[in-house]
Amino acid sequence: MNTYPLKVVSRKTGPHSELNKLRKEGQIPAVIYGLTKDPETVSLAASDFRTINRLANKNVVVEIQNEGKSQNVIVFKIDKDPVKPLITHIDFLRVDEKHPV
C-alpha cells in the first residue's frame, strides 16, 4: 500500500480568530478522528498538503507524523473558501490496515 507522509503540529481548539491567524501564516487547521480514539486537532503546512493532494486522489492513505508518532489516515472532507481558492479546513479519518474502509 502506498502512503504519503505528511507532518502536522498539534494545536489547541480556540476561537475563530486563532484559526484565521493560522491560515494567514500558511497553515491549514485540521482534525483527526475515528477508530474509537479521541479527536486530535492539528495544523499542517498548506504547501505540503497541496503537493499530496496534487499527486494523489482522495482515496489514498496519508501517514500523519506528529511528535514522533505516526498514524494512517485518509482525507475525509476538505472545506474550501467559497470565494478564494483556499482550503480552510481538513477532516482526516483514521484507518486500520486490518479493516476495510
| task | Using the Karplus curve 6.51 cos²θ - 1.76 cosθ + 1.60 with θ = phi - 60°, work out ³J(HN,Hα) for each residue of the range 68-77 in order, rounded to whole Hz, and write x for Gly and Pro. | result | x, 9, 9, 8, 8, 9, 10, 6, 8, 8
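Could you tell me what percent of the DSSP beta bridges with both partners in the chain are antiparallel, to the nearest 5?
Details: 22 of 31 bridges.
In the chain, approximately 70 percent of DSSP beta bridges are antiparallel ones.
Leaving out ligands, DNA and RNA, what percent of the accessible area of the range 12-101 is carbon and sulfur, probe 1.4 Å? If you can, show how the numbers build up before the last one.
Working: 3200 of 6100 Å².
On the range 12-101, the fraction of accessible area on carbon and sulfur atoms equals 53 percent.
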| note | Magnitude of the Cβ-charge dipole (Lys and Arg +1, Asp and Glu -1) of the chain about the Cα centre, nearest 20 debye, reported as 260
| query | Build a GNM of the chain with springs between Cα atoms under 10 Å: which of 72, 20, 59 gets the top mean-square fluctuation? | reply | 59
| query | Got a sec? Which residues in the range 26-61 would a label at residue 11 touch, if it sits 7 Å along Cα→Cβ and we count backbone N under 17 Å? | reply | 26-33, 39-50
| Residue by residue, what Karplus-based ³J(HN,Hα) values in Hz, rounded to whole numbers, does the range 25-38 have, using 6.51, -1.76 and 1.60 with θ = phi - 60° and x for Gly and Pro? | 7, x, 10, 10, x, 8, 9, 10, 8, x, 6, 6, 9, 5
| remark: Amide H contacts under 5 Å for residue 34, restricted to residues at least 5 apart in sequence or on another chain and with H modeled in the peptide plane, are 94
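For the range 1-97, which trypsin sites (Lys or Arg not before Pro) are in a loop by DSSP, counting at most 12 other Cβ atoms within 10 Å? It would help to have the intermediate numbers written out before the result.
Values: sites: 7, 11, 12, 21, 23, 24, 37, 50, 54, 58, 69, 77, 80, 94; in loops: 11, 12, 58.
Sparse-neighbourhood loop trypsin sites (Lys or Arg not before Pro): 12, 58.
How much area per residue is accessible in the chain when the probe is 1.4 Å and only protein heavy atoms are counted (Å²)? Spell out each step's value before the answer.
Numbers: 6910 Å² over 101 residues.
On a per-residue basis, the chain sits at 68 Å².
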| Looking at (i) 33, 14, 10; (ii) 24, 17, 12; (iii) 22, 16, 12, which value of semi-axes √(5λ) of the Cα gyration tensor in Å comes from a calculation on the structure shown? | (iii)
| task | Please name whichever of 17, 95, 30 sits farthest to the positive end of the charge dipole of the chain, dipole taken about the Cα centre and charges placed at Cβ: Lys and Arg +1, Asp and Glu -1. | result | 17
| said: Under the 0.36 nm per residue contour assumption, what length would be gained going from the current alpha-carbon distance of residue 47 and residue 4 to full extension? | reply: 14.1 nm
| query | Using DSSP loop states and a limit of at most 14 other Cβ atoms within 10 Å to flag GluC sites (Glu not before Pro), what is the longest stretch of the chain containing no flagged site? | reply | 26-66
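The values are calculated or read from the model by the stated rules, or taken from the named source; none is laboratory data. Remember, predicted model here, so these are calculated numbers, not experimental data. Glycine gets a Cβ as well: all are built from the backbone with ideal geometry, and neighbour counts include every protein chain shown. To get the accessible areas, we keep the full protein, side chains included, count just its heavy atoms, and leave off ligands, DNA and RNA. Shrake-Rupley method; radii C 1.70, N 1.55, O 1.52, S 1.80 Å.
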